[in-house]
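**Q** Just dropping this structure here.
The values are calculated or read from the model by the stated rules, or taken from the named source; none is laboratory data. Because the structure is predicted, anything quoted here is derived from the model rather than measured. All Cβ positions, glycine included, derive from the backbone under ideal geometry; neighbour counts span all protein chains shown. Calculation scope for accessible area: heavy atoms of the full protein, side chains included, ligands and nucleic acids excluded. Shrake-Rupley method; radii C 1.70, N 1.55, O 1.52, S 1.80 Å.
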Amino acid sequence: MAFNWFQRQYQNSSDTPPPQEQQEATPPVTQTEQIDSTDLLAFAKSAYKNIQEKQKAAQVETTPEVANVEAAPEEPATVENTTTVAREPAPDNLSEVTATAALEVTYSNDVPESLDQTTPEPTAPSNLSFLERAAAERQAKQERLIAGAIEVEQPEVVTPATTTATALDEEVLAFDEGFVWSAEVLAAQGRRAEDISVEEITWLKKLRQGLGKTRRNILNQLKAIVGQGPLNQAAVSEIEAALLQADVGVEATDYIVHTLQKKLLAEVTPPEEAIAYLKQILRDMLDAPLQQASSLSFAPEKETLNIWLITGVNGAGKTTTIGKISHLAQKSGYKCLIGAADTFRAAAVEQVKVWGQRSGVEVIANPGKNTDPAAVVFDAIAAAQARETELLLVDTAGRLQNKKNLMDELSKVRRIIDKKAPHAKIESLLVLDATLGQNGLRQAQVFSQAAQLTGVILTKLDGTAKGGVALAVVQQLGLPIRFIGAGEGMEDLRPFSSYEFVEALLSG
Ligand SMILES: Nc1nc2c(ncn2[C@@H]2O[C@H](COP(=O)(O)OP(=O)(O)OP(=O)(O)O)[C@@H](O)[C@H]2O)c(=O)[nH]1
């Protein structure tokens, strides 16, 4: 019995996913849904017992999904387009597309192009206040970033991703504080104890642990300030400092503080209530880009071709993310395919093939060197259409000879998709490395112009103190976060939930 992450429910067979209309967004959270601590413990115990029973049952009949996670198929699943894909002639106007695809992206040439994270941070004069210093340093960082927004000089990594897929049946799930916290988060979303999966608990514990550094920084300071009476200027400055340190960004910080002030200036609010109010502000911010959407959840549409174009600078985690999403999709019963269109680096193609093998998803690649990525995408779409694929994940280059080439290439790939699959549901997702904090945002803006971004995937949230960047991403780009990654393993990426993220960020 697999747990379907897109629908947040168990399904008996990965081949028979429930119909689309059963998909539901996470129910809105209200204070009345919070359960008291005695009930909570009983709820957690009941969930724990159910999970143990399910694990025992799973040991008796091993599910094929688990087998997939643990053992790569002996036969490589990779499909080279030269042998199995019925090639259609490339569109006549391909060269015309190339010619018209040039984007008006301006770059400065007189600053270093490297985004080397080890470069010392610029420092502002010490006679400035903390906030002025933070703003000045941020400005300097942004300027550096604008210059080197895309090209990242890094040695080519030729080794395939080493991953540690979670072996669910080997896991010994402890009934600890993390379990109870995770159960509480799920209970508050209206979940029933018998429907809670070991995967959800494992993920929530991981997310909370991953955001630990950010949480400790923000929360300790906030707890000391809010609830101590109406906010005065000194308290406001301290809140601002805590948020800026977590890379929430100036714009988002201003918004949060302004909104918080409206309530806390006027009345004396107990600390718990003040934190709950802050959580609500953050959730609303994170969900703001989805205001017009019919559902907060994000899933491929069944029985339709969904094409997700995955972009981002090299090293952000694109390939790893494609592997993880393909695994999620496969487990959730979607017919999935990967197009290896990062043809600039041979190692990238090999790497994505390894992930395809691990998740049991076929990869369409071109065996030639430096082949046209648009041609790979063309072939991948043809294959997807022939096989009635539901989710085609397209890997793209994160580095080319120069930034303009990269943007041109992305535009061209996008045009091929629009032309060859006009009825497909297209998502253009940018993979952003959370450890870069604010630095990632300028990259996002540049990619946004070329790839018509519709969402962001935030990776490497584990262990960074810059988890607040999620708020900056949404506030400054107006794009929803669709997935978050908190580790290198196959199971370490999940659909984004603003409720769970904020709880992990602010629950002490
Ligand atoms: N800790 C952690 N590491 C991650 C996460 N996602 C990816 N990584 C690691 O980041 C490194 C780069 O990931 P890749 O998937 O190769 O990145 P890419 O964007 O495809 O880069 P190129 O292949 O160079 O274009 C790898 O070592 C991954 O294991 C994450 O959520 N947490």
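**Q** Distance between Cα centroids, the range 268-290 to the range 445-508: provide it in whole Å.
**A** Distance between centres, Cα-based: 18 Å.
**Q** Ignoring ligands, DNA and RNA, please state the percent of accessible area on the range 298-453 from carbon and sulfur, probe 1.4 Å.
**A** 45
**Q** Ranked from highest to lowest mean number of other Cβ atoms within 10 Å per residue, what is the order of the peptides 241-249, 388-396, 194-202?
**A** 388-396, 241-249, 194-202
**Q** Quick one: net charge around V469, please, counting Lys, Arg +1 and Asp, Glu -1 for every other residue with C-beta under 10 Å from its C-beta.
**A** Net charge in that neighbourhood comes out at -1.
**Q** Looking at the range 281-379, which trypsin sites (Lys or Arg not before Pro) are DSSP coil and have at most 12 other C-beta atoms within 10 Å of their C-beta?
**A** Loop-located and lightly packed - K369.
**Q** Also, I was wondering about something else. Could you work out what % of the accessible surface of the range 192-291 is carbon and sulfur, using a 1.4 angstrom probe and leaving DNA, RNA and ligands out of the count?
**A** After summing per-atom areas, the C and S share lands at 49 percent.
**Q** Moving on to the next point. L211: net charge of surrounding residues, Cβ under 13 Å, Lys/Arg +1, Asp/Glu -1, itself excluded?
**A** Net of charged neighbours comes to +4.
**Q** Note down the accessible area of I417, probe 1.4 Å, to the nearest 10 Å².
**A** Ignoring ligands and nucleic acids, I417 comes out at about 0 Å².
**Q** The range 439-508: which GluC sites (Glu not before Pro) are DSSP loop and have at most 16 other beta-carbon atoms within 10 angstrom?
**A** For GluC sites (Glu not before Pro) across the range 439-508 that sit outside H, G, I, E and B with at most 16 neighbouring Cβ atoms in 10 Å, the list is empty.
**Q** Set the bar at 32 Å for Cα to Cα. Now go through K324/K404; K262/K318; K56/K206; K56/K335; K318/K404 and name every pair that lies beyond it.
**A** Those over the limit are K262/K318.
**Q** Oh, and also: Please report, in cubic angstrom per residue, the volume enclosed by the convex hull of the alpha-carbon atoms of the range 316-437.
**A** Roughly 111 Å³ of hull volume per residue.
**Q** Could you order V250, V352 by accessible surface area, starting with the largest, using a probe radius of 1.4 Å?
**A** V250, V352
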